[in-house]
Amino acid sequence: MSDYKRPESVLVVLHTQAGEVLLMERRQPPGYWQSVTGSLGWDEQPREAALREVREETGLDVADRLVDCRQATRFKILPAWRDRYAPDVEYNLEHLFLVELPEPVEVTLNPAEHSQAVWLDARHAALKASSYTNQQAIEHHVFRRQRG
């Protein structure tokens, strides 16, 4: 296919019924907190990528709980990840998914990608998430729902 990443990805927000959200700290760059994310393979559909990324990043199988929000956000690729994409690519298209769990669960991190994971209430998770698309997804789909 290509040596470059496909400029299309998934964002999967794992949260509990009570409004706690899983965030993970990336190894690179340190201090970058996020929900489950990842690029689609060149031959992959968004749902397949979402399930694969959750499994790779947390060790969880969430096929029966994965909800496609049917929402995609186009954003400019950050300089820290720019070299992963073809030279003429500036934007990424991110598909949003949610997974609701009854309560926080222990996850098995991929040590090459993430250094730690925390479950935070939605308000604090939205403040801690590093990307604006992640912040907006938590605020809109978890925090506001908890408030009524």
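Just so it is clear, none of the values below were taken in a lab; they were calculated from the coordinates. Note that the coordinates shown come from a computational prediction; the quantities given were computed from them, not determined experimentally. Cβ atoms come from the backbone with ideal geometry, glycine included; neighbour counts cover every protein chain shown.
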Identify the residues of segment 47-76 with backbone N under 17 Å of a label point that sits 7 angstrom from the Cα of Gln136 along the Cα-to-Cβ direction, or state none. 69-76
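Counting only C-alpha contacts under 8 Å and six or more residues apart, can you give the relative contact order of the chain as a whole percent?
Result for the chain is 35 percent.
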For the chain, what does the helix formula give at 222 nm: sum of -39500 (n - 2.57) over DSSP H segments with n ≥ 4, over the residue count, nearest 500 deg cm²/dmol? -5500 deg cm²/dmol
Using Cα centres only, tell me the gap between segment 99-148 and segment 53-80 in whole Å. 12 Å
What is the helix-to-structure angle for 46-58, meaning the angle in degrees between its Cα long axis and the longest Cα principal axis of the chain, kept from 0 to 90 and rounded to the nearest 10? 70 degrees
Computed over the Cα atoms of the chain, the Rg and Dmax in Å are 14.6, 46
What's the whole-number percent of alpha carbon pairs in segment 54-97 lying beyond 13 angstrom? 67 percent
Dipole of the chain (Lys/Arg Cβ +1, Asp/Glu Cβ -1, origin at the Cα centre): which of Val107, Tyr91, Pro46 lies farthest to the positive side? Tyr91
Ranked output for segments 67-80, 115-128 by mean other Cβ atoms within 10 Å, highest leading, reads 115-128, 67-80
